[in-house]
Amino acid sequence: MTFHICTACGMQFDESSEPPSACPICEDDRQFVPPSGQVWTHMTALRSTHDLIWTKEAKGIHCLQISPDFAIGQRAFLIEGPDGNILWDCLSLLDESSISRIAVMGGLAAIAISHPHFYSSMMDWSSAFGDVPVYIHNDDREWVQRSGPALSHWVGEVFELNQATLVRCGGHFAGSSVLHCPWLEDGKGALFVGDTMQVTLDRRYVSFMRSFPNLLPLSGRAVKGIGEALRPFRFEAIYGGFSGRTIKQEGSRVIERSIQRYIHAIEGGPS
């Protein structure tokens, strides 16, 4: 019996003797089945070919990524908090050296995940740290492929988590969420966004999509809703879901001007 992992999206599935017949995440129009077809692996095999790379992004913020790139290629963050460490978003791989390193840092108080594309091996991560709770929005519970008693489906528009705040923005998925940590960046605050929004390559804006690989945009109404959800919060930095996608200054203003630019482009901007 094996907890199979989809190599295209990184999702880990419930234990079975044979690989799943399909991956619902990849078959959804926000993701894709590779032309070569669906391929499966498992944690032991992944540990033999890949490593977890740690990078300190800022005081109290550590980036974790799988090397070489695997599946979607996202980064996760270990965030040092006043009430314990939070893992933001998740990865398919968990290795022994990272388990030991996190234990020395005080373990995990919580795992919070932005949306289904980054659920990955969330239950293995939880189990390794004493069945620490895993928080995902209830609107996305249908996408869970491996469940467990530590899984917590939060509801509503905001959820207070160890002096941080989970904010449901919607858009990319119904429950797509971000994490606001007001103590970071010397008290100016940081926002962790997964790909609820995508930091652009010039690091001056963010943008919004229903599907990034399939180039499906969001409606103006959905993007305005994201702006309304975030307007009560102030933050200096924005940490996106992928390597280098970080905005270090004026994060709150970046969100506002990015929404204005997006709306202008899809509702009658210049051709």
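A few points about this structure:
- Checking GLY194, GLY189, GLY251 one by one, the residue that is crowded, with 18+ Cβ neighbours inside 10 Å and touching a Cys at 6+ places or on another chain (Cβ under 8 Å) is GLY189 and no other.
- So ASP140, is it within 14 Å of GLY194 (Cα to Cα) and either touching a helix residue (DSSP H, G or I) at 6+ places or on another chain (Cβ under 6 Å) or of a type in the set (A, V, I, L, M) (or both): no
- Residue among ARG210, ARG234 that alone is buried (at least 16 other Cβ atoms within 10 Å of the Cβ) and touching a residue at least 24 places away in the same chain (Cβ under 8 Å): ARG210
- Scanning segment 86-99 for residues that are within 12 Å of TRP54 (Cβ to Cβ) and hydroxyl-bearing (Ser, Thr, Tyr) gives SER97, SER98.
- Members of segment 91-140 found to be among the β-branched types (Val, Ile, Thr) and within 23 Å of SER67 (Cβ to Cβ), listed by number: ILE99, ILE102, VAL104, ILE111, ILE113
- Selection of first residues in segment 159-171 that are in contact (Cβ under 8 Å) with a residue 40 or more places away in the chain and of second residues that are in a strand (DSSP E or B) and of a type in the set (Asp, Glu), restricted to Cβ pairs under 9 Å at least 6 apart or on distinct chains, gives the following pairs, ordered by first then second residue: LEU166/GLU160.
- Contact annotation: no residue pair with Cβ atoms under 6 Å, 6 or more positions apart or on different chains, pairs a residue in segment 16-31 that is within 24 Å of ASN214 (Cα to Cα) and modelled with pLDDT under 95 with a partner that is assigned to a loop (DSSP other than H, G, I, E, B) and of a type in the set (S, T, N, Q).
Listed here are the residues, each with its yes/no results for (1) at pLDDT 95 or above; (2) under 21 Å from HIS42 (Cβ atoms); (3) assigned to a loop (DSSP other than H, G, I, E, B).
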{"residue": "TYR135", "(1), (2), (3)": "yes, no, no"}
{"residue": "SER147", "(1), (2), (3)": "no, yes, yes"}
{"residue": "GLY170", "(1), (2), (3)": "yes, no, yes"}
{"residue": "ALA174", "(1), (2), (3)": "yes, no, yes"}
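- Counted residues, segment 18-35 - those being buried (at least 16 other Cβ atoms within 10 Å of the Cβ), assigned to a loop (DSSP other than H, G, I, E, B) and in contact with a strand residue (DSSP E or B) (Cβ under 7 Å, 6 or more places away or on another chain): 3
- Only a single item in (1) assigned to a loop (DSSP other than H, G, I, E, B); (2) of a type in the set (D, E, K, R); (3) in contact (Cβ under 8 Å) with a residue 24 or more places away in the chain; (4) surrounded by fewer than 18 Cβ atoms within 10 Å (Cβ to Cβ) is not met by ASP131, and it is number (3).
- When ARG210, ARG231 are checked against the criterion of being of a type in the set (D, E, K, R), modelled with pLDDT of 95 or more and closer than 19 Å to ARG141 by Cα, ARG210 stands alone in meeting it.
The values are calculated or read from the model by the stated rules, or taken from the named source; none is laboratory data. Quick caveat, the model's predicted, so the values are computed rather than measured. Quick reminder, even Gly has a Cβ in these numbers, built from the backbone with ideal geometry, and neighbours come from all protein chains shown.
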